[in-house]
Amino acid sequence: MSAGKHRQVPALTVNQWLPGWEKIDFDPEEHRAKPARHFYLFSLPARELRSLSGIARRVAKNATPRTEDLGIQRQHDPERSEEIGRFVEYGFPWSTLSDAKRQSEEFHDLRKPGWLPTAVVLNVLTKNDKRNGGQVADSDLAVMIDGEAGPRLQLPYGEWSPQWSPSKLPPFEIIDGQHRLWAFDGAVKLENFELPVVAFVGLDISWQAYLFWTINIKPKRINPSLAFDLYPLLRSEDWLERAEGHIVYRETRAQELTEILWSFPESPWYDRINMLGERENRWVTQSSWIKTLTSTFVKSWDRRAGTSGGLFGGRSKKEGEVLGWSRAQQAAFLVFAWREFRAAVAASEDSWARDLRGVSRAGQAKAPRSEDARAYDDPAFYSSHSLIVTDQGVRGFLQILNEICYQRAAALKLNTWLPDERSTANPVGAVERELKSLEKQNFVDFLREIGRSMASFDWRTSSTPGLDEAVRRAKLVFRGSGGYKELRLQLLEHLATGESEIAATAQRLLGRR
């Protein structure tokens, strides 16, 4: 199709570049390729802009990862978009009123213009840009053209229609303003409502994350912890690793997950975490849980060390992608994994498990119990002589679970599990919904197998009564700070036997492959 048959939109060039910026460490391998020295300003009808950005209320189809949809995984808060939609119609404070009040003539005097003068910030993908192996189809590309009359944005059609959609990746990636675009879903009467746009061209994804941070968090517009859910790529930015903000995500998220594990009724750790650090409380302290989570699931990947990163915090070495799960998904994943591990221990008739049950019930009458009841208070899991309920045991299990799942993330297609759009409304209800959603995912069998494999390890502590002296001495290595490293090593050696995917991954982590 000739250029004359494409719709073109006039734009303005904004030159923003300083000589000192030439000294910045640009690195394409770190997704920080050197950007253009300018960006553009233009306006587009909101509904047209939304379709060019792949922004729409949708469910996963054929398990398509959202990264293939948008280039960067993002989370949507429907309530926020709905409020913006009401604001556009008649401004503030009318948009905050109840349905009944908005329908009442008594409050019509509160109607105001719903201006949205703040620009949507986006990136225009070029024909050379790739996102998880995907690209914008040649017929869907949007191109900035410089001419005598100034720059113009050339769109991939002659005239836009609501039915238009990209055949592959959308030509625009939204950096800031996605909730404004979602607000125009199905809003036919707002078809000609335009939004101002700041457009970068071919901007690498790490710079996009940087822009989102400087726009939203630096001016204190939104909670920093929430920002890491809205823009998961921020979790892997090393420039934030050395700044206070990144610590906010890691430590705050670890604390939030610990509190959910303690307060969520279906969690094996329900009311079994020492939240206040009380001496008479035998459970692992909240502080220890937070340290364990920040050093496992919520840690970043150090490419210099070559170690596994945190499944909830680090970038995949092969895909350059952050797993964009919400807090509710992360909590559901942990609850499910611990629950399956506890069930496997409860079902175990290995000598170590029988031994702990026998020690605990010595002199007690045995009453018949259901499987659920047995799992809930099984001494093999919860006894004071079980390594599972110690600081070393909690960290050992989470270390292995994180490292194996991190290594297998791409093969397991973990990014196909998309967040429930209602997850922001009620934290407890959100975890319940995500737990039900998780149980339908294909990779849960892998988690169950990890639980069964870990349950066959001997989890007795050195203080278990009646231990053979040689066994007791062997168990002493798990005591103290050195016990973390030793338990991880022994768990990996235990899992490395056999021909399963788990065994192969454990062997790789041990350096045998």
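Structure data summary
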{"item": "Linear extension gain, E79 paired with D146, 0.36 nm per residue minus alpha-carbon span", "result": "20.1 nm"}
{"item": "Segment E349-S161, extension gain: residue separation times 0.36 nm, minus the distance between their alpha carbons", "result": "61.2 nm"}
{"item": "Listed residues L401, L323, L476 arranged by accessible area, highest first, probe 1.4 Å", "result": "L476, L323, L401"}
{"item": "Flagged links, alpha-carbon separation over 32 Å, of K34/K291; K299/K475; K127/K436; K436/K485; K5/K189", "result": "K34/K291; K127/K436; K436/K485"}
{"item": "Computed FRET value (nearest 0.05) for E449 with N15, which takes r as the C-beta separation and R₀ as 56 Å", "result": "0.50"}
{"item": "Surface share of carbon and sulfur [accessible, 1.4 angstrom probe, percent] for the stretch 137-220", "result": "51"}
{"item": "Full-stretch length increase - N192, N128 - with 0.36 nm per residue and alpha-carbon distance subtracted", "result": "19.8 nm"}
{"item": "By accessible area with a 1.4 Å probe, ligands and nucleic acids excluded, highest first: order of R433, R357, R452, R102", "result": "R452, R433, R102, R357"}
{"item": "Residue-count net charge about Y40 - beta-carbon cut-off 11 Å; Lys, Arg +1, Asp, Glu -1", "result": "0"}
{"item": "Kirkwood-based shape ratio for the stretch 392-483, expressed as Rg/Rh from alpha carbons", "result": "1.13"}
{"item": "With all protein chains modelled, accessible area of V471 [1.4 Å, Å²]", "result": "50"}
{"item": "Cβ-derived FRET efficiency at R0 30 Å, L110 paired with S43, nearest 0.05", "result": "0.60"}
{"item": "E486 accessible area, 1.4 Å probe, all protein chains in place, Å² to nearest 10", "result": "60"}
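The values are calculated or read from the model by the stated rules, or taken from the named source; none is laboratory data. Keep in mind the model is a prediction, meaning the values are calculated, not measured. Glycine gets a Cβ as well: all are built from the backbone with ideal geometry, and neighbour counts include every protein chain shown. These area figures cover heavy atoms from the full protein model, side chains too; ligands, DNA and RNA do not enter into them. Shrake-Rupley method; radii C 1.70, N 1.55, O 1.52, S 1.80 Å.
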